[in-house]
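The values are calculated or read from the model by the stated rules, or taken from the named source; none is laboratory data. Worth saying up front: this structure is predicted, and the values here are computed from it rather than measured. Cβ atoms come from the backbone with ideal geometry, glycine included; neighbour counts cover every protein chain shown. Note: accessible area is taken over every heavy atom of the protein model, side chains too, but ligands, DNA and RNA are not part of it. Shrake-Rupley method; radii C 1.70, N 1.55, O 1.52, S 1.80 Å.
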Amino acid sequence: MPSPCRLCPRSCGADRTGGKRGFCGETAEIRIAAASLHRGEEPPITGRGGSGTIFFTGCTLGCVFCQNSQISHNGMGRVVDRAEFTAICLALQERGAENINLVTGSHCAPALAAFLRSARNKGLVLPLLWNSSAYESLDAPAHLEDLVDVWLPDLKTLDSALAGHFFRAPDYPEAATRAILRMLDLRGALRWNGPVLVSGVIVRHLVLPGYPESTRAVLQWFANHCRGRALLSLMTQYTPVGEGRDMPCRYVNQDEYDQLLQWLTDLEIDDGFCQELVPDDSWLPDFERINPFSSALSVPIWHWKAGLIGACEK
Ligand code: SF4
C-alpha cells in the first residue's frame, strides 16, 4: 500500500502502513463485512448460482445516502489475512457462485491484487468482477488489469456540484469517466458463457429522485462512449436513508420511471437492464445480521462476526 496514500483521487495522504486511517476509513489492512451468494445482481452476473459477493469495509466516497453506510462509513467488518480471504473465495466457488464480485475495494486495490493472485494459485477459477463507485485513479485498474474479467463501475453523475454536495467529491465526474474509459480499453468486448457474462463492462447508474437532468446527462454520455461496447444497468432502488444535505427523501416515482424509459428509447440504448420501480426499503442491508439481505436475495457464506458459515446455517 503506498504511504502516504494517493491511491484514489481523494489523495488524502494518510500513512496507512503506519496504521493511520485515510478518508476511506482504512489502514493498510483489508477488512471485510460479509460474503454471500447474491441473487439480486443483474441477470448475467447472478446466473443460476448467484454472484459471489464480497463486501469490503471502507469507501473512497462519502455518499450521504449510502445504503451500505454501516460498512462504508462506520467501519463495520474485520481484518482478514490472505489465507482467510482465499478460504472465502473458495467457499463461494464450492457453493456454486458464478463469479467473485468484489464490492467497493478500490481503497485496497494493491493488497487485494496480491490476495487474488494467491487465491488463483490455490484453485480459484471463477471470473472476477470489480464492483466499484468508479471514483478511482487509474492506479486501481492498473493493479488489477490482468486479474479482473468484468468491470462493474457506477457512473453516479456528471454534475460536479451534485458530486460535491452528495458524495464530497466534486472531481467525481472527471475521475469516473476516465476510469470507465480505461476499463473499456481493457475489456471492451463482451464475452459470455451461456447466459453469464465472463468478460466485459457493465456501467451502473443509480437514479436520484428529483434530479432528472443528472440522469439524462449520464445516459447521453453512455450513448456517446459506451453504446455497443458495454451494458447499461439503470438502478431505481434509491432508498431515503440518513439526514441532511437536502438529499432526496422519497423513492423514484412512476413519472420519473416513464421518462427514463423514454430516454432509453430516444438514445437507442437497448443493451442492458432497467430495474423495476422499488416501493420500499427491501433492498436495505443490515450488516449486523449474519444474512444482511433477505433470504430471497442472498445466502450468507461468511460474516464478520461468524466467519465461514456452514451449509446448515443457510
Ligand atoms: S485510498 Fe483512502 S487513504 Fe488512499 S488516498 Fe484514497 S481515501 Fe486516502
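Taking the highest mean first, how do the peptides 148-161, 203-216 order by number of other beta carbon atoms within 10 angstrom per residue?
148-161, 203-216
Straight distance only, please: which aspartates and glutamates reach the Cα of Lys156 with their own Cα at less than 14 Å, same-chain residues fewer than 8 apart left out?
Partners within reach: Glu136, Asp171, Glu174, Glu213.
Dipole of the chain, Cα-centred, from +1 at each Lys and Arg C-beta and -1 at each Asp and Glu C-beta, to the nearest 20 debye?
Values: 29 positive and 35 negative charges, 223 e Å.
Rounded to the nearest 20 debye, it is 1080 debye.
Using Cα pairs closer than 8 Å and at least 6 residues apart in sequence, work out the relative contact order for the stretch 160-314, in percent.
Value for the stretch 160-314: 17 percent.
Considering only protein heavy atoms, what per residue accessible area in square angstrom results for the chain with a 1.4 angstrom probe? Present the calculation step by step, with values, prior to reporting the outcome.
Values: 12630 Å² over 314 residues.
In whole numbers, the chain has 40 Å² accessible per residue.
I'm checking a number: the convex hull volume of the Cα atoms of the chain, normalised per residue, in Å³. What is it?
120 Å³
Would you work out the charge dipole size for the stretch 273-314 about its Cα centre, treating the Cβ of every Lys and Arg as +1 and the Cβ of every Asp and Glu as -1, and quote it to the nearest 20 debye?
260 debye
Put +1 on the Cβ of each Lys and Arg and -1 on the Cβ of each Asp and Glu in the stretch 210-265; which of Cys226, Leu260, Gly210 then has its Cα farthest toward the positive end of the dipole?
Value: Cys226.
Report the local net charge at Thr46: Lys and Arg +1, Asp and Glu -1, summed over other residues whose C-beta lies under 12 Å from its C-beta. Intermediate values should be presented prior to the final figure.
On the way: positive: Arg39, Arg48; negative: Glu41, Glu42, Glu98.
After counting each charged neighbour, the total is -1.
Counting only other residues whose beta carbon sits under 14 Å from that of Cys59, what net charge do I get with K and R as +1, D and E as -1? It would help to have the intermediate numbers written out before the result.
Working: positive: Arg10, Arg21, Arg31, Lys156, Arg168; negative: Glu26, Glu136, Asp154.
Result for the neighbourhood of Cys59: +2.
Which one, His165, Ile180, Pro195, projects farthest toward the positive side of the charge dipole computed for the stretch 147-203 from Cβ point charges (K/R +1, D/E -1)?
The Cα lying farthest towards the positive end belongs to Pro195.
If I model a spin label at Asn253 and Thr17 as a point 7 Å from the Cα along the Cα→Cβ vector, what separation in nanometres do I get?
If labels sit at Asn253 and Thr17, their model points lie 5.4 nm apart.
Whole-Hz Karplus ³J(HN,Hα) for the stretch 63-79, in order, using 6.51 cos²θ - 1.76 cosθ + 1.60 and θ = phi - 60°, x for Gly and Pro?
4, 6, 10, 4, 7, 10, 4, 4, 9, 6, 10, 10, x, 6, x, 9, 5
Run the accessible area of the chain with a 1.4 Å probe and give the carbon-and-sulfur part as a rounded percent. Each step should come with its number before you reach the end.
Numbers: 6190 of 12630 Å².
Whole-percent figure for carbon plus sulfur exposure: 49.
Under the 0.36 nm per residue contour assumption, what length would be gained going from the current alpha-carbon distance of Arg216 and Val241 to full extension?
Numbers: separation 25, 0.36 × 25 = 9.00 nm, distance 2.38 nm.
Answer, rounded to one decimal: 6.6 nm.
For Cα pairs less than 8 Å apart in space and 6+ apart in sequence, what is the mean separation divided by the residue count of the chain, i.e. the relative contact order in percent?
Once divided by the residue count of the chain, the mean separation gives 18 percent.
If Lys and Arg each add +1 and Asp and Glu each add -1, what is the summed charge of the other residues whose beta carbon sits under 12 Å from the beta carbon of Ala217?
Here the charged neighbours net out to 0.
Please give the length that would be gained between Asp266 and Ala189 if that part of the chain were fully extended, namely 0.36 nm times their separation in residues minus their C-alpha to C-alpha distance (nm, one decimal).
On the way: separation 77, 0.36 × 77 = 27.72 nm, distance 2.43 nm.
Using 0.36 nm per residue and subtracting the Cα-Cα distance, I get 25.3 nm.
Find the centroid of the Cα atoms in the stretch 1-32 and in the stretch 178-231, then give the distance between the two in whole Å.
28 Å
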